[in-house]
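Okay, structure first, notes after.
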Amino acid sequence: MSIPLGRIEEIIDGSGVAPQIEALLPAGVRHRQLRVRTLLAGMMLTQADHRPAHLTRVRDALTALPEPDQARLGVTEDWKTGPHQLTYRQTERTFGLVAGVLAKDTPDGLPSQTLAVICGDLLEASIPGEHKQASSSLAVDWTDVETFSRPPSRGSSDCADPEASWGHRCGGGPGQDSELFFGYYASAATMMRDENGPAVPELARRMTACSCRHDPARALIPVLTAMPAAGIPLGDILADSGYAHRDAGAWAVPLRQSGAQLVQDLHPSDRGPRGTHHGAIIANGNLYCPATPRTLLELGPLARDATPDQAAAHDQQTAETARYKLGRITTDDHDGYHRVMCPAVTGKIRCPLRPASMTLDRTRPEILTPPGHPPACCTQQTITVPPEVTAKTRQKHDYPSAAHRKSYTRRTGAERTFSTAKDPATNNIARGWTRLTGLTPIMLWLTCLLAVRNQRILTAWDTRQADDARRAAAGLPPKTRRRRRKTLASLATAAPP
């Protein structure tokens with residue numbers, strides 16, 4: 001699906017990045033025919049037509065425009081010898097200048113501040129105004145981007161792309177283990193609907209890239225935490241266990257300080273009981289009564305192939321676990337401290353150590369064997385919880401409750417973002433998609449690709465909305481997608497007919 005040139009120019013002009021980059025470029029003696037605005041337009045046209053990210057393709061896309069557009073964009077100019085059309089050498093020269101001023105003086109595998117701002121502004125401009133405030137929830141994920149450079153030979157570090165490094169990626173089929181690749185990690189934050197909110201188009205709002213020698217989660221944090229200063233509040237951040245397993249100072253704490261709420265899958269190493277605080281058991285990001293049954297604290301997430309009866313039983317167990325949770329009675333102060341109260345005091349369970357709770361009805365769980373030497377959480381009215389307790393695992397909903405499972409299902413939008421970018425039928429970012437090396441060129445191309453992808457998502461979104469409105473006017477229900485009733489695994493293991 002081709003994107004109109006007018007829409008591409010609106011994105012570039014709305015971002016304001018072209019004059020910013022032009023101001024950074026050195027003033028040459030000779031007139032430079034290809035301007036930055038035209039270069040960015042050519043890069044987006046290339047991705048809109050599903051072409052590889054080659055500079056020759058940029059020139060081909062620009063020279064294929066109608067003659068009035070070529071003259072307006074400077075693709076064709078009047079020279080002393082007559083009309084002169086843009087050459088590949090001029091395209092290469094302008095792109096090289098842009099990549100040079102946006103890169104770090106000493107490349108280290110991380111983008112410069114200027115490059116991060118430029119890419120963020122371009123992506124933000126690709127989102128229409130009516131959708132900017134539609135949601136504050138973001139689903140994050142990273143993927144592999146293989147460089148065109150061959151890796152260095154054994155015992156050497158020299159290659160055409162010194163910023164690239166070895167990384168791990170998951171296999172593309174069932175049962176495939178991770179494998180090594182040589183290149184970069186690309187991260188994206190995709191807009192998802194808010195909890196109990198209307199559906200929104202899944203638009204990539206922010207992105208970044210880094211060498212595989214760096215942690216992609218830590219590389220994404222500056223991009224996300226800079227959004228509130230740009231007038232974009234952070235809501236729910238949906239992430240898998242790869243992000244949740246990072247230390248608190250690298251992921252959870254900066255996001256909470258920026259106003260975000262975490263909805264993430266916990267790593268198996270972080271699930272279940274993990275120590276105590278004043279006698280209360282630390283488990284899954286919360287504090288629980290010391291007499292909480294161990295089986296409830298060790299409850300894991302619901303299996304993907306669980307039956308409705310198994311899901312109902314699991315939800316009943318997580319609801320019972322919540323009865324043993326110490327109730328928060330204050331919000332975090334400026335130092336991150338808050339206070340919690342015994343669940344018997346709040347009326348959720350019956351405990352002999354709290355005589356008033358024994359008057360509650362017997363539908364509530366009862367502590368039959370309270371601790372012989374009650375800790376502070378059982379004797380004090382409240383206890384203070386410092387910020388370092390559950391800093392890594394604390395999140396919006398109790399894990400792995402039904403509310404958490406329902407909210408976490410929104411995270412799959414991040415995977416759909418990269419699946420469209422890797423679709424061989426559109427822009428397949430496998431090795432050879434671009435032959436340029438270095439973090440800055442690759443990140444510029446990825447930004448243009450995601451900006452164009454946003455336009456495809458918007459077109460499909462508008463088509464569906466118009467179809468739903470037409471069906472509603474005709475008294476028909478909205479069109480729903482057919483769900484797969486059989487899993488791929490069951491089909492693969494089925495006996496032949």
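Some notes on this structure:
Residues are listed down the side, and each one gets a yes or a no for (1) under 23 Å from R339 (Cα atoms); (2) open to solvent by 10 Å² or more (accessible area, probe 1.4 Å):
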residue	(1), (2)
P201	no, no
A209	no, no
P222	no, yes
G275	yes, yes
I282	yes, yes
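- For first residues located in the range 297-309 and exposed (fewer than 13 other Cβ atoms within 10 Å of the Cβ), partners that are of a type in the set (V, I, T) and lie 6+ apart or on another chain with Cβ distances below 9 Å form the pairs R304/T487; D305/T487.
- Whichever residue in the range 365-382 is at pLDDT 90 or above and over 28 Å from Q316 (Cα atoms) and, among such residues, is most open to solvent (accessible area, probe 1.4 Å): H373
- Checking R30 against (1) part of a helix (DSSP H, G or I); (2) open to solvent by 60 Å² or more (accessible area, probe 1.4 Å); (3) modelled with pLDDT under 95, the condition it does not meet: (1)
- E92 vs. criteria surrounded by fewer than 17 Cβ atoms within 10 Å (Cβ to Cβ) and under 15 Å from T440 (Cα atoms): yes
- In the condition set (1) over 16 Å from A189 (Cβ atoms); (2) touching a strand residue (DSSP E or B) at 6+ places or on another chain (Cβ under 9 Å); (3) aliphatic (A, V, I, L, M), V101 is compliant with all but (2).
- The residue that is nearest to N428 (Cα to Cα), counting only those in the range 1-27 that are acidic (D, E) and open to solvent by 70 Å² or more (accessible area, probe 1.4 Å), is E10.
- Contact map, the range 367-382: first residue under 11 Å from M341 (Cα atoms) and without any contact (Cβ under 8 Å) to a residue 40 or more places away in the chain, second residue among the hydroxyl-bearing types (S, T, Y) and open to solvent by 30 Å² or more (accessible area, probe 1.4 Å), Cβ cut-off under 8 Å, separation 6 or more or different chains; the map is empty.
- Condition check for E163: of a type in the set (D, E, K, R), open to solvent by 10 Å² or more (accessible area, probe 1.4 Å) and over 22 Å from the mean Cα position of the chain (by Cα): yes
- Residue list for the range 75-89, filter: surrounded by fewer than 17 Cβ atoms within 10 Å (Cβ to Cβ) and either without any contact (Cβ under 8 Å) to a residue 24 or more places away in the chain or of a type outside the set (D, E, K, R) (or both): D78, W79, K80, T81, G82, P83, H84, Q85, T87, Y88, R89
- Count of residues meeting criterion [hydrophobic (A, V, I, L, M, F, W, C) and open to solvent by 50 Å² or more (accessible area, probe 1.4 Å)] in the range 454-468: 1
- In a residue-by-residue description of the range 177-187, the property of being touching a residue at least 12 places away in the same chain (Cβ under 8 Å), open to solvent by less than 10 Å² (accessible area, probe 1.4 Å), of a type in the set (G, A, S) and over 25 Å from R435 (Cβ atoms) applies to no position.
- Considering residues of the range 224-248 that are of a type in the set (D, E, K, R) and touching an Asp or Glu at 6+ places or on another chain (Cβ under 9 Å) only, the residue most open to solvent (accessible area, probe 1.4 Å): R246
- Every residue from the range 344-358 that is more than 27 Å from K392 (Cα to Cα), open to solvent by less than 10 Å² (accessible area, probe 1.4 Å) and of a type in the set (A, V, I, L, M): I349
- The number of residues in the range 284-296 being touching a helix residue (DSSP H, G or I) at 6+ places or on another chain (Cβ under 8 Å), crowded, with 19+ Cβ neighbours inside 10 Å and not in a loop (DSSP other than H, G, I, E, B) comes to 2.
- Note on the range 326-343: residues that are open to solvent by 30 Å² or more (accessible area, probe 1.4 Å), in a loop (DSSP other than H, G, I, E, B) and either in contact (Cβ under 8 Å) with a residue 40 or more places away in the chain or not β-branched (V, I, T) (or both) total 6.
- Pairing each residue of the range 454-471 that is part of a helix (DSSP H, G or I) with any residue that is of a type in the set (G, A, S) and exposed (fewer than 15 other Cβ atoms within 10 Å of the Cβ), provided the two are 6+ apart or on different chains, yields C-beta distances under 9 Å for W461/A199.
- Qualifying residue in the range 184-193 (condition: at pLDDT 95 or above, out of contact with any Gly (no Cβ under 9 Å at 6 or more places or on another chain), under 26 Å from T106 (Cβ atoms) and not acidic (D, E)): yes
- Filtered by the rule that a residue be open to solvent by 30 Å² or more (accessible area, probe 1.4 Å) and outside any helix (DSSP H, G or I), the range 259-273 gives G259, Q261, D265, H267, R271.
- In a residue-by-residue description of the range 104-113, the property of being crowded, with 21+ Cβ neighbours inside 10 Å and in contact with a helix residue (DSSP H, G or I) (Cβ under 8 Å, 6 or more places away or on another chain) applies to at least one position.
- Among the candidates E163, E130, E124, E179, residue that is modelled with pLDDT of 95 or more and among the acidic types (D, E): E124
The values are calculated or read from the model by the stated rules, or taken from the named source; none is laboratory data. For clarity, every value in this text was computed on a predicted model and none was experimentally measured. Quick reminder, even Gly has a Cβ in these numbers, built from the backbone with ideal geometry, and neighbours come from all protein chains shown. Only protein heavy atoms, including side chains, enter the accessible area calculation; ligands, DNA and RNA are left aside. Shrake-Rupley method; radii C 1.70, N 1.55, O 1.52, S 1.80 Å.
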